[in-house]
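Working notes, structure below.
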Amino acid sequence: MEGTQTCFRCGKPTRVIGLGIGEHTRLYCNDDGSFESETIEDLVGYEPLFLSWVDDENDIPPALLRYIKQRYNVRTGFSKTAGERFANHCDHCGVIQGNWYLFEEDSPLTAFIPDGPELREKLSKLKIYSIGIDENLVLDWNFGMGDNDELYFKYCPAKELILPPSDDEYITYADMYKP
Ligand SMILES: [Zn+2]
């Protein structure tokens, strides 16, 4: 997902991105080491999208990491409050845009989780780039559930993204993880 955030340092609008997860199965680990699972599926009239992010860039499959690093100012950087983290940086002055500010529902500043009046208009300014994946990926990404999960696909413009090295809208597991 791509949005625009006003940089807290230079005050200019800068592009920021987040990750998103659609249909998926969550695994929960019990105290005794056993697992429980819950599957969130697209249903008719309901296509959820869960905003997500990672602190460690190694948790992003290599093909996707290469793509976002080439096109956006994302890298592992250092913030005084959070330490070393994979994060967005301002396109103009280069300062780190803290993950908490962008991805936590309690943050008053995040472009990704709009609320209040003009919600629909704010959502229409986000962009979704959708990547089809042939097989299941195993991901350890941070995300919660929010009020906008069922609204992103309704109101944000969405496009298919062709992720190299694939040349169509689906990428295989092998290509996703090719170093
Ligand atoms: Zn800036």
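The values are calculated or read from the model by the stated rules, or taken from the named source; none is laboratory data. Owing to the predicted nature of the structure, the values given are computational and were not obtained by experimental measurement. Glycine also receives a Cβ, built like all others from the backbone with ideal geometry; neighbour counts cover every protein chain displayed. Ligands, DNA and RNA are excluded from the accessible area calculation, which covers all protein heavy atoms including side chains. Shrake-Rupley method; radii C 1.70, N 1.55, O 1.52, S 1.80 Å.
From the list GLY33, GLY94, exactly one residue is more than 19 Å from the chain's Cα centre (by Cα) and at pLDDT 95 or above. Which is it?
After ruling out the rest, the residue left standing is GLY94.
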Considering residues that are within 15 Å of PHE103 (Cβ to Cβ) and open to solvent by 20 Å² or more (accessible area, probe 1.4 Å), the number found within the stretch 58-67 is 1
Can you tell me how many residues in the stretch 83-106 are farther than 12 Å from TRP53 by Cβ, part of a loop (DSSP other than H, G, I, E, B) and away from the ligand (no atom under 13 Å from the Cβ)? 2
Do we find that ILE113 is among the β-branched types (Val, Ile, Thr), in a strand (DSSP E or B) and either in contact (Cβ under 8 Å) with a residue 24 or more places away in the chain or surrounded by fewer than 18 Cβ atoms within 10 Å (Cβ to Cβ) (or both) in this structure? no
Scan of the stretch 6-22 for residues that are open to solvent by less than 10 Å² (accessible area, probe 1.4 Å), within 8 Å of the ligand (Cβ to nearest atom) and part of a loop (DSSP other than H, G, I, E, B), ordered by number: CYS7
Within the stretch 132-171, the residues that are closer than 22 Å to LEU27 by Cα, open to solvent by less than 70 Å² (accessible area, probe 1.4 Å) and assigned to a loop (DSSP other than H, G, I, E, B) are LEU137, LEU139, TRP141, GLY144, GLY146, ASP149
